[in-house]
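So the structure is just underneath, and the comments pick up after that.
The values are calculated or read from the model by the stated rules, or taken from the named source; none is laboratory data. Note that the coordinates shown come from a computational prediction; the quantities given were computed from them, not determined experimentally. In this analysis, Cβ positions are derived from the backbone assuming ideal geometry, glycine residues included, and neighbour counts consider all displayed protein chains.
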Amino acid sequence: MNKNILIKQVSAALLAAGSLLFTAACTQDKTEAADTEVEEADKGLAISKSTSETIVDDLTKYGEQHQDSIAVISTRHGDIKVRLYKDVPLHRANFVRLTKAGFYDQGEFYRVVKGFAVQGGDSDNRTMKMGNYKVPQEYNPKYIHKKGALAMARYGDERNPDKESSSHNFYIVLGEPRDAGQLAGYEQQHNMKYTPEQKEIYKTIGGEPGLDSEYTVFGEVIEGMDVVEKIAEEPVDSQDWPRQVVKHTVKMTNK
């Protein structure tokens, strides 16, 4: 697991996403051949082939064929249901693709910062391989780092000036309520303006506005925030790694 990709309070980075499809066909018909390619990707036979040069086309095609938007992240503490935003198409497709390939079934929540965020997607024990790529940033100002937001981690600006997301590491936001003065400071710092609705969310629900505009938010928790809180309570070492592994599996669902 790459310990250089971490969540840093207020100014830092986290990770996310990437996977494949697998489709089988028995004839030479072009349509059936295309279906076969998709099936193969779904079974995880293609994620190792994506590169920085092909990833946008790969995810665009995959996203057109797979419109899934609800996923369940299962842990020993319980299930977390998340909704993926369809207007953040590359990140959504990447998460769905990795999930259907089984890539996330070999992952864990490997970094926990109580009151800030929990980070998952990677594992030292993973056997499934994937291609070397990053997902282009898809920052959307209507999606903020409210409590329960699902976003992708990334390397820091010095080595990643375009703020591209990790291929597979993701995080779920915790955070505390913020007052008007604090929010005004973040607006000035990030050269952005919150809507009245967003300000109310931060004042009542809370979150981490210091991460806004820096990382791509592509979904949110719709059930199981109590499970996220339980993960955040895990005892950790000096690097915020849980002392007891918190493995996760991820499945797409229709409900």
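Here's a check for you: in region 36-57, which residue that is part of a helix (DSSP H, G or I), surrounded by fewer than 17 Cβ atoms within 10 Å (Cβ to Cβ) and in contact with a helix residue (DSSP H, G or I) (Cβ under 9 Å, 6 or more places away or on another chain) is modelled with the lowest pLDDT? This residue is K49. One residue stands out in region 125-164 among those that are of a type in the set (S, T, Y) and in contact with a helix residue (DSSP H, G or I) (Cβ under 9 Å, 6 or more places away or on another chain): the one that is surrounded by the fewest Cβ atoms within 10 Å (Cβ to Cβ), namely T127. Within 17 Å of I80 (Cβ to Cβ), aliphatic (A, V, I, L, M), touching a residue at least 12 places away in the same chain (Cβ under 8 Å) and surrounded by fewer than 19 Cβ atoms within 10 Å (Cβ to Cβ): is that true of I231 in this structure? In short, no.
Taking region 192-218 as the range and being touching a Ser or Thr at 6+ places or on another chain (Cβ under 8 Å) and not in a helix (DSSP H, G or I) as the test, the residues that pass are M192, E214, Y215, T216. What number of residues within region 123-135 satisfy the criterion of being modelled with pLDDT of 95 or more and either assigned to a loop (DSSP other than H, G, I, E, B) or acidic (D, E) (or both)? Summing the residues that are modelled with pLDDT of 95 or more and either assigned to a loop (DSSP other than H, G, I, E, B) or acidic (D, E) (or both) in region 123-135 gives 2.
In the set T60, T75, which member is at negative phi, among the hydroxyl-bearing types (S, T, Y) and surrounded by fewer than 17 Cβ atoms within 10 Å (Cβ to Cβ)? Unique residue meeting the criteria: T60.
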